[in-house]
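Inspection log for the structure reproduced underneath, given as structure tokens.
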Amino acid sequence: MSTESIIQKLDFLRKTIEHHNYLYYVEAKPEISDFEYDSLYRELEELELQYPDFVVPHSPTQKVGGQVLSEFEDFPHSVPMLSLDNTYNEEELTAFHNRVIKILGEDKITYTVEPKIDGVGISIRYENGILQRALTRGNGDVGDDVTINVKTIKSIPSRLHPDDPPAIWEARGEIFIPKADFLKLNEEREQNGEDRFANPRNCTAGSLKLLDSAEVAKRPLDAVFYTIGEISDTTIYSQKNLLDELTRLGLKTPDFYRECQSIEDVIKAINELESLRDQFSCELDGAVVKVNNFDFQNVLGFTAKSPRWAIAYKFESEKAITTIQDITIQVGRTGTLTPVAELEPVFLSGTTVSRATLHNFEEVARKDIRIGDEVEIEKAGEIIPAVLRSLKNARDGSEKEISQPVNCPECQAPVTVLEDEVAVRCTNFECPKQVKERIIHFASRGAMDIETLGEALVELLVDNHFISNPGDIYNFNNDQIEHLKSCEGLGETSIEKLLLKIEDSKSNPPWRLLFGLGIRHVGAKSSKTLIRHFNSIPALASASEEELIDIHDIGPVVAESIYTYFRDEKNSLILEKLKNCGLKLSEDIKEIQNSFFTGKTCVLTGTLGTYKRDVLKNRLSDLGANVTGSVSTNTDYLIVGENAGSKLQKAEKLGVKIINENELIELLENP
Ligand code: IVH
């Protein structure tokens, strides 16, 4: 291909992919199937791999991140990033309107009403249409340069849509995590033994400040834009016109917008927005009212802190007062002790709330929360009930303070506080509650998927001393089975079904077993990655920490957790037991007569993060490939990882076909 046609092809693919990204992430109206999208994406990836000199930073392939920073640099805003004054009722809103008409000497003013999105403010600078820099608000004059992280956000274009983009365009808006994605993320974190985020905003802020952009790429961040910093276009004349222009440029704008001719209409629009609040995919904490006309905005100008042409109207988050009847302590799978407020049931934002997490003992002490206290509770970010404060004046002296436990409430074993953590943990591996939680996790849908082995049954089995670890469920004796059949609510059929499901689970793929072991920070996805790399749990168990860190997607925290887990004899014993019960610890080597690789000569080069070298070589040989060390005219395929060197050049010169890591994964999974 001539240089010109390569560039043309690359540009065509990028534009097409960007267009489909826009339809999917901004408009939520995809026009092609995932398969068609993946094919386009892979075609671009391949071409870029073949012609690395033509890779550009705004290419859609660069959205997966990869760059790691040691810290974020400060960078000055070209135009200060101000904040908004808040109002809380109609009087304050009317006072704002009166200030506006007084300055303008005009009472026919058009206002706009938009949602106030509860996320993290961002300013993104495009130069000649290309995303150059993304800054957080910081102190308003200087922000943190989070460009590499923002570039991973799917709904933010790396390049503005029009062919003749403005020379400078700073779009300002809000980064957020949709409510549904937030709940899912928290659930996953819980399953992985990680701390939950308190609300979507904290989660967004934490995600934007991650130093590893590949991690950021995995967070479900989204963004909308509603204002500007420096722009070279001088023709924008109103907020409405600005929102239209943002849309034309390919940027997402808020889902709700009203134009109002009077302050009464503004109030109506705000009420309408508030009534729709629950239906928004992201959290709103109010409405923003703006003078529509930019000439008027210019006359009104700014105070030191905020524009005089806009105001926020904050929605009340629904709160309620109730009494803490008790504070119980929950013990999790990894032994974490969490204080939970047992509340006198109270109706709040659509549901009856009778429990609220108090997160940890440090927080209980800081907020001075006692049993018997009247407390104010709130659905923090509309989702999780939280105890805001205790009403100290309402105390009568009968309230009871609780202190950080010294012993586990379930098994009385001493507790520890790990360095750098607030969590208090039960140290007893045999703690019945930990045992139960571990087995519940083992049998759960995402892990070994043993239907019917739910919470209640696990409780019964552990309490009867029938089981104390996952290995035991594969070893019931006849007496135990008879006993279970006679238990109330169980019966012959359900026990037979249970035993069948348990038996079936033995043939689960090893990643399910690995996930089921419940190693801290090892979720379903990392389990798959690890098995792909090592092919078996015993090989993983003997890996060094360095070896683990080298695997793509496995960070130091996960690596340490895995390393420590397998150095603990108790865990090795459980694994041994599971192996003896006939569970699959290794991926089957499928004997395939006619695979893609049969009779083909392959050479490996570069760092292949996904697979361990010898595992990969064996796998390829099993599929009939002849794996050799150097590229020649006899080579059919060169399999390239990162930082490939001279072998890649030679292969290109000889016209040897190249397989990248993603393609390799696909080919090995469907040989
Ligand atoms: S306009 C000069 N519009 O709320 C400031 N801000 O509390 C113009 N926010 O800093 C801001 N939704 O981060 C504007 N529709 C909206 C907004 C919005 C959320 C945030 C923004 C701002 C903060 C002020």
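The values are calculated or read from the model by the stated rules, or taken from the named source; none is laboratory data. Owing to the predicted nature of the structure, the values given are computational and were not obtained by experimental measurement. Every residue, glycine as well, gets a Cβ built from its backbone with ideal geometry; the counts of neighbours run over all protein chains shown.
Scanning region 100-112 for residues that are farther than 25 Å from Ser317 by Cβ and within 16 Å of the ligand (Cβ to nearest atom) gives a single hit, Val100. The set of residues in region 525-535 that are among the hydroxyl-bearing types (Ser, Thr, Tyr) and in contact with a Lys or Arg (Cβ under 9 Å, 6 or more places away or on another chain) contains only Ser527. Across region 461-499, the number of residues qualifying as among the aliphatic types (A, V, I, L, M) and either loosely packed, with under 13 Cβ neighbours inside 10 Å or closer than 26 Å to Ser572 by Cα (or both) comes to 5.
Across region 269-289, the qualifying residues are those that are near the ligand (Cβ under 10 Å from one of its atoms) and either over 33 Å from the mean Cα position of the chain (by Cα) or of a type in the set (Val, Ile, Thr) (or both), and the one among them that is farthest from His97 (Cα to Cα) is Val288. For region 271-283, the count of residues that are buried (at least 19 other Cβ atoms within 10 Å of the Cβ), farther than 15 Å from Thr112 by Cβ and modelled with pLDDT under 95 is at least one.
Within region 16-57, the residues that satisfy the criterion of being over 24 Å from Ile659 (Cα atoms) and either surrounded by 13 or more Cβ atoms within 10 Å (Cβ to Cβ) or touching a strand residue (DSSP E or B) at 6+ places or on another chain (Cβ under 8 Å) (or both) are Glu18, His19, His20, Asn21, Tyr22, Leu23, Tyr24, Tyr25, Val26, Pro30, Ile32. Can you tell me which residue in region 635-656 is nearest to Gly609 (Cα to Cα), limited to those that are under 36 Å from the mean Cα position of the chain (by Cα) and surrounded by fewer than 17 Cβ atoms within 10 Å (Cβ to Cβ)? Filtering region 635-656 for residues that are under 36 Å from the mean Cα position of the chain (by Cα) and surrounded by fewer than 17 Cβ atoms within 10 Å (Cβ to Cβ), the one nearest to Gly609 (Cα to Cα) comes out as Glu642.
So in region 19-45, with the set limited to residues that are more than 24 Å from Leu160 (Cβ to Cβ) and among the acidic types (Asp, Glu), which one is modelled with the lowest pLDDT? Residue satisfying both the conditions and the ranking: Asp34.
Being out of contact with any Cys (no Cβ under 8 Å at 6 or more places or on another chain) and touching a residue at least 40 places away in the same chain (Cβ under 8 Å) holds for only one residue in Glu437, Glu455, and it is Glu437. Among the residues making up region 208-246, those that are within 16 Å of the ligand (Cβ to nearest atom), part of a helix (DSSP H, G or I) and surrounded by 15 or more Cβ atoms within 10 Å (Cβ to Cβ) are Leu208, Gln239, Lys240, Leu242, Leu243, Glu245, Leu246. In summary, Asp144 fulfils each of the numbered conditions (1) within 16 Å of the ligand (Cβ to nearest atom); (2) closer than 18 Å to Pro76 by Cα; (3) of a type in the set (D, E, K, R); (4) out of contact with any Ser or Thr (no Cβ under 9 Å at 6 or more places or on another chain) with the single exception of condition (4).
When only residues in region 317-332 that are farther than 26 Å from Arg438 by Cα and hydrophobic (A, V, I, L, M, F, W, C) count, which is surrounded by the fewest Cβ atoms within 10 Å (Cβ to Cβ)? Result: Ile321.
For region 258-268, the set of residues classified as surrounded by fewer than 17 Cβ atoms within 10 Å (Cβ to Cβ) and either within 13 Å of the ligand (Cβ to nearest atom) or hydroxyl-bearing (Ser, Thr, Tyr) (or both) consists of Ser262 only. For His552, the conditions (1) in contact with a helix residue (DSSP H, G or I) (Cβ under 7 Å, 6 or more places away or on another chain); (2) assigned to a loop (DSSP other than H, G, I, E, B); (3) touching a residue at least 40 places away in the same chain (Cβ under 8 Å) are fulfilled apart from (1). If you go through region 605-634 and keep only what is within 31 Å of the chain's Cα centre (by Cα) and in a loop (DSSP other than H, G, I, E, B), you end up with Gly606, Leu608, Gly609, Thr610, Tyr611, Lys612.
Within region 617-633, does at least one residue satisfy the condition of being basic (Lys, Arg) and surrounded by fewer than 15 Cβ atoms within 10 Å (Cβ to Cβ)? No - not one qualifying residue is present in region 617-633. Does at least one position in region 178-191 carry a residue that is modelled with pLDDT of 90 or more, farther than 21 Å from Asn128 by Cβ and within 16 Å of the ligand (Cβ to nearest atom)? Within region 178-191, one or more residues are modelled with pLDDT of 90 or more, farther than 21 Å from Asn128 by Cβ and within 16 Å of the ligand (Cβ to nearest atom).
Within region 298-307, the set of residues being surrounded by 15 or more Cβ atoms within 10 Å (Cβ to Cβ) and more than 10 Å from the ligand (Cβ to nearest atom) comprises Val299, Leu300.
Which residue is farthest from the ligand (Cβ to nearest atom), if the candidates are limited to region 113-141 and must be within 19 Å of Gly250 (Cα to Cα) and of a type in the set (Ser, Thr, Tyr)? Within region 113-141, the match that is farthest from the ligand (Cβ to nearest atom) is Tyr126. In region 90-197, counting only strands (runs of 3 or more DSSP E) that sit wholly within it, the ones holding 2 or more residues that are buried (at least 19 other Cβ atoms within 10 Å of the Cβ) span 111-117, 120-127, 130-136, 168-176.
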